[in-house]
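Asker: Supplied in structure tokens, the structure appears directly below.
Coordinate-derived values only; no laboratory data. Given the structure is predicted, the values throughout are model-derived calculations rather than measurements. Reconstructed Cβ throughout: ideal geometry from the backbone, glycine too, with neighbour counts over all protein chains shown.
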Amino acid sequence: MRAIFIDRDGVINKDPGGWTKHNYVTELKDLHFLPGSLKALKLLKDNGIRVIIVSNQGGVSKGYFSKERLEEVNALMLEKIRASGGDIEEVCCCIHRDEDNCECRKPKTGMLEKAIDKHSIKPRDTFIIGDSYVDIHAGSRMGIKTVFVLSGKMTLEELKKHDARPDYVFKDLLEAVSWILEKEKRKSDRAARRRSEGKRVDSGEEDTDSIRDGGDRA
Ligand SMILES: [Mg+2]
């Protein structure tokens with residue numbers, strides 16, 4: 001796996017819904033990392049997996065905060081992530097609201113499509129980790145494996161009301177990333193074993209393990 005898609009609010013930092021003025025991170029002081037998220041990002045970096053953030057920030061189009069402020073918040077986030085040993089390859093934000101009819105606002109797939117192209121990512125070879133049905137719908141539409149985390153704005157019950165069916169469910173980013181890395185390791189061990197046995201190795205080989213034992217509570 002070359003890269004992974006991660007939503008921002010409710011996955012990396014505390015979802016701003018319900019306790020900020022506009023339900024968006026419009027102030028630097030409202031950026032609070034969730035427990036374990038910095039460690040998860042470091043683990044990804046240590047394992048050579050690049051992180052692409054895909055985030056809806058419609059509060060810009062709604063006039064709650066400026067694009068410049070959004071960039072400041074992202075810059076602060078990046079600074080803290082790097083200081084703790086992680087990294088982000090690219091931060092993709094959609095600043096539109098529904099009425100703007102853009103192609104990028106999740107559950108639409110514009111941000112994912114662009115990044116897949118730009119970074120030569122194989123959809124079936126990667127994951128999207130998010131805390132909302134929009135992440136799950138966008139990922140499913142692109143054939144990306146979907147991971148729902150319970151650290152953000154939605155419960156599993158709410159998710160189901162939107163008819164979103166994630167492939168996996170975990171408590172938070174750290175739990176999800178730890179499991180993904182373990183799965184990747186098993187996959188590469190298996191490929192190495194087949195290679196040593198002189199068998200053909202299909203790089204796109206699907207997992208034969210019971211992949212749902214990793215924490216799926218859906
Ligand atoms: Mg979110």
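Asker: Within segment 1-11, count every residue that is within 16 Å of the ligand (Cβ to nearest atom) and surrounded by fewer than 21 Cβ atoms within 10 Å (Cβ to Cβ).
Answerer: Step one: of segment 1-11, the residues within 16 Å of the ligand (Cβ to nearest atom) are 4-11.
Those still in the list that are surrounded by fewer than 21 Cβ atoms within 10 Å (Cβ to Cβ) too: none.
Number of matching residues: 0.
Asker: For segment 139-177, enumerate the residues that are without any contact (Cβ under 8 Å) to a residue 60 or more places away in the chain and under 12 Å from the mean Cα position of the chain (by Cα).
Answerer: Those that are without any contact (Cβ under 8 Å) to a residue 60 or more places away in the chain and under 12 Å from the mean Cα position of the chain (by Cα): K145, T146, V147.
Asker: Then there is this: Among the residues of segment 21-64 satisfying the criterion of being of a type in the set (G, A, S) and at negative phi, which is nearest to the ligand (Cβ to nearest atom)? Steps first, please.
Answerer: Initially, segment 21-64 is screened for residues of a type in the set (G, A, S), giving 36-37, 40, 48, 55, 58-59, 61, 63.
Now narrow it down to the ones that are at negative phi: 37, 40, 55, 58-59, 61.
Values: S37: 12, A40: 15, S55: 7, G58: 12, G59: 13, S61: 17 Å.
Selected residue: S55.
Asker: Confirm whether V91 is within 14 Å of the ligand (Cβ to nearest atom), in a loop (DSSP other than H, G, I, E, B) and β-branched (V, I, T). Break it down stepwise before answering.
Answerer: Working: within 14 Å of the ligand (Cβ to nearest atom): yes; in a loop (DSSP other than H, G, I, E, B): no; β-branched (V, I, T): yes.
No, not satisfied.
Asker: So, in segment 88-119, exactly how many residues are of a type in the set (D, E) and in contact with a strand residue (DSSP E or B) (Cβ under 7 Å, 6 or more places away or on another chain)?
Answerer: Step one: filter segment 88-119 for residues of a type in the set (D, E), giving 89-90, 98-100, 103, 113, 117.
Restricting the remaining residues to those that are in contact with a strand residue (DSSP E or B) (Cβ under 7 Å, 6 or more places away or on another chain) gives 89-90.
Count: 2.
Asker: Any idea which of (1) within 16 Å of the ligand (Cβ to nearest atom); (2) touching a strand residue (DSSP E or B) at 6+ places or on another chain (Cβ under 6 Å); (3) assigned to a helix (DSSP H, G or I) is the one V134 doesn't satisfy?
Answerer: The one condition V134 does not meet is (2).
Asker: Can you pull out every residue in segment 35-82 that is touching a helix residue (DSSP H, G or I) at 6+ places or on another chain (Cβ under 9 Å), surrounded by 15 or more Cβ atoms within 10 Å (Cβ to Cβ) and either hydroxyl-bearing (S, T, Y) or part of a loop (DSSP other than H, G, I, E, B) (or both)?
Answerer: G36, S37, I49, S55, Q57, G58, G59, V60, S61, F65
Asker: Can I ask one more? Being surrounded by 15 or more Cβ atoms within 10 Å (Cβ to Cβ) and free of Cβ contacts under 8 Å to residues at least 60 places away in the same chain is the filter; apply it to segment 12-21 and report the residue that is nearest to H96 (Cα to Cα).
Answerer: Checking each candidate, the answer is P16.
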